[in-house]
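Below: one structure, written as structure tokens.
The values are calculated or read from the model by the stated rules, or taken from the named source; none is laboratory data. In this text, all values refer to a predicted model and were calculated from it rather than measured experimentally. Quick reminder, even Gly has a Cβ in these numbers, built from the backbone with ideal geometry, and neighbours come from all protein chains shown. All accessible areas refer to the heavy atoms of the entire protein, side chains included, with ligands and DNA or RNA removed. Shrake-Rupley method; radii C 1.70, N 1.55, O 1.52, S 1.80 Å.
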Amino acid sequence: AKLKCEEAQRLASMHTNAMAALSRLKVEGKARGQIIPETDIQLLSNSCKLYTDSLQCMEENSVPGSVVGEAILGGSTGFRSSHRVVRDGRAQLEWQIKNAVDWAKRKTSLWSTIEFDNASKRITQIKVKPVPRIPAAIASENKGTSWKLIQPKKCTLQVSSSAVGGVFVDVASIDILGDKKMNPNTWIVRQGFRTNKSKAWRILIESFHDVDDGAITDITADDRLYCGINIELFEADIASDPLQRLHALHNASLAFSKLLDDPDLDAFGESSSNDESGWHLSCEETKAKLSRMTTESKMIESLYIGSVLPLHHESQRQLKAAIKAATISQSKLAELSAHSLSSKSKVHDCFDDEWWVDLVLLYSRFGSGREKDDICQRVYEDLNSALEGSFDRHELRAHPFPKFTTVDGLFQALSLRKELVRKTLPAGSFMKCLHDFTKFSTEPDEMDVMESAQCARCKRDWTWTGPMCRHCQRSVEFLELIPDRLFMLVLESIWNFAKGSNRGGRDLCSAKSAAKVEARAKQFFEVIDAEKKARSAAERAWRVHLDLLNDLDELSMSKRSMRLVVEGEDLSQLMEAELNAVIHPIDLRRNYMEHSTKQAMALAQLRRHKSTLRYLKHQNNERSENRQKVGKGDLAGATAKRNVCGIAKASSSSSAAAAAAAA
């Protein structure tokens, strides 16, 4: 029902905004000779009124309401309600800390996860209230234990984002005053933030009043600390599209500005031509409304981009950390390369080490005849298994591995294959490309945004046919820098064969030890693993930066409105998405009536779906109240049962004492 309401509201707002745009275009149509009975100021007033109606509809339906559905709680060490199921976004989060002395020194943060079962949620408001005192039930659990209360100072609402591998990113920060500065029954409300939908959310307590302020000084090893907060999560009753609201605000601002420039508008907001549009705003009221709309549109743009920036920063942090790990692993391999049989001036990447060349040469020089045959047989069997495995047959046929029958032939085959690898993967090119990905800016220039907006690869779903943008060109170049799979298979086969210190004779083992072949081979594959992680981090960073470019393009597109066709314009050169925004002057009145009819139908659907949604929410509230009554009844029954048992036990004890006295 909620999704149906959101879809009906989207359609109603879309047609209302279209009517407002057409009403403003009628002023231009009159200048081109179209016969329209309304005056310019009537048309502009009607456009302003329609945009305002669209905004008002979205405001009335986006009132925050409790999150509907069940959620499972989890938390850090000491969390008391793990795997507990809560409903309607309300929960009391509690932590108990046993090692109080160690925890106070480390000042470890506390956190709790909230995972919704069914649909993903878009949280728009959060309420937080700290627990003012230690609950009696907790204090009575361990009698004789000293409990101390710590109160949170700064909490952060975080959301899990798949764009950065499910990492939690900050959404909103809540500052909590100390217990002496605030009423314990006062809720702290935080709203006005924008997030994407997600099933996993997290509450993070970063700092504490008593710990950071030095109020707790007499902690002993036997003391326990308690921290608790009450939270309530809210989402919009009927969520509205922020881009649709931005479109209405931006174009309403243009209509209001044009209305203020009309010479027929007097100081009281009424036209000198007896305007009957029903729009009665003075010039001062119109200017104030225009200022509020401009401010709100800028805020929406800031929030829309602000929701992507934390993901951008997190992706860049992960990429730089992965590059650092790969660089450290590469430097370790470079140190071991000094023991190579062939002197190397500089090791640009892991393939410059060529440990496999030294290993094959050592087997050729010191290995027995059986060992030479075994290593060739092992590589040959692994290559044959590749033909039956997951390798692409076309890839194997296009670039087959050179045939060999002896160790010397294997050495020549590896040398030829290394030359082919260097054609597609030049020395140092992979790390250079990774460092280029770290230069993605959170404020890209207009040229990058424009190129991405017309790119056939970025906007494949929009059927754009423009040239490939620079951002996509970086991706194509990066995807080509992949080590040859068949070459890596042969290297793994050689390494698996040569593992173990007891393989080979004394001369072979001593030569392998002197050249540190096994250590170099092991470090080589560690470098490969580190580069794989860096590749994944780079792909995430590229995707997040693409989302940023798309969001900037969406902001620009959302501000655009319908326009009249330019005289002599070749419409065949426009794409389908562009043609939908072009109107012929003769079609203004017909399109206005079509959108008016569709608006009425969408509003009727919205009213029906809202009625169904109210009914379902009322049923959900009744079920919640019944569950609470049942829970209180069970608690009262258990208390009464304990009291009855206590009375019976006391009476039996008194009877036994009386019988003993009589005896």
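Rg and Dmax, both from the Cα atoms of segment 448-592 and both in Å, are 28.2, 96.
Residues whose amide H comes within less than 5 Å of that of VAL131, counting only those at least five positions distant or on another chain, are GLY228, ILE229, ASN230 (H built at 1.01 Å from N in the peptide plane).
Here the 3J(HN,Hα) profile of segment 289-295, calculated from phi with Karplus coefficients 6.51, -1.76 and 1.60 at θ = phi - 60°, is 5, 4, 5, 5, 5, 5, 5 Hz, Gly and Pro shown as x. With R₀ fixed at 25 Å, the C-beta to C-beta distance from ASN550 to GLN573 puts the FRET efficiency at about 0.55.
At a probe radius of 1.4 angstrom, the accessible area of segment 97-168 per residue rounds to 48 square angstrom. Once the dipole of segment 1-142 is set up with Lys and Arg at +1 and Asp and Glu at -1 on Cβ about the Cα centre, which of ALA137, MET19, TRP103 lies farthest towards its positive end? The one lying farthest along the dipole's positive direction is TRP103.
Considering only protein heavy atoms and a probe of 1.4 Å, how much of the accessible area of segment 33-162 is carbon and sulfur, as a whole percent?
Values: 2780 of 5990 Å².
The value for segment 33-162 is 46 percent carbon and sulfur by accessible area.
Report note on the peptides 366-374, 35-43: ranked by the mean count of other C-beta atoms within 10 Å, highest first, their order is 35-43, 366-374. A 1.4 Å probe run over segment 522-633, with the rest of the protein chains in place, finds 62 Å² accessible per residue. GLN92 to SER536: FRET efficiency via 1/(1 + (r/R0)^6), r the Cβ-Cβ distance, R0 51 Å, to the nearest 0.05? Efficiency computed from Cβ-Cβ geometry: 0.85. Note on LYS332: aspartates and glutamates with a C-alpha under 16 Å away, same-chain residues under 8 apart excluded, are ASP349, ASP352, ASP353, GLU354, GLU518, GLU526, ASP529, GLU531.
Note on MET601 and MET557: with the Förster distance fixed at 22 Å, the Cβ-Cβ geometry gives a FRET efficiency of about 0.25.
Find how much the distance from THR612 to MET468 grows on full extension, using 0.36 nm per residue of separation minus their present alpha carbon separation; answer in nm with one decimal. The partial results should precede the final answer.
Numbers: separation 144, 0.36 × 144 = 51.84 nm, distance 4.77 nm.
Net length gain for the segment: 47.1 nm.
Cross-link pairs exceeding 32 Å in C-alpha to C-alpha distance, out of LYS289/LYS439; LYS153/LYS532; LYS148/LYS320; LYS403/LYS522, comprise LYS289/LYS439; LYS153/LYS532; LYS148/LYS320.
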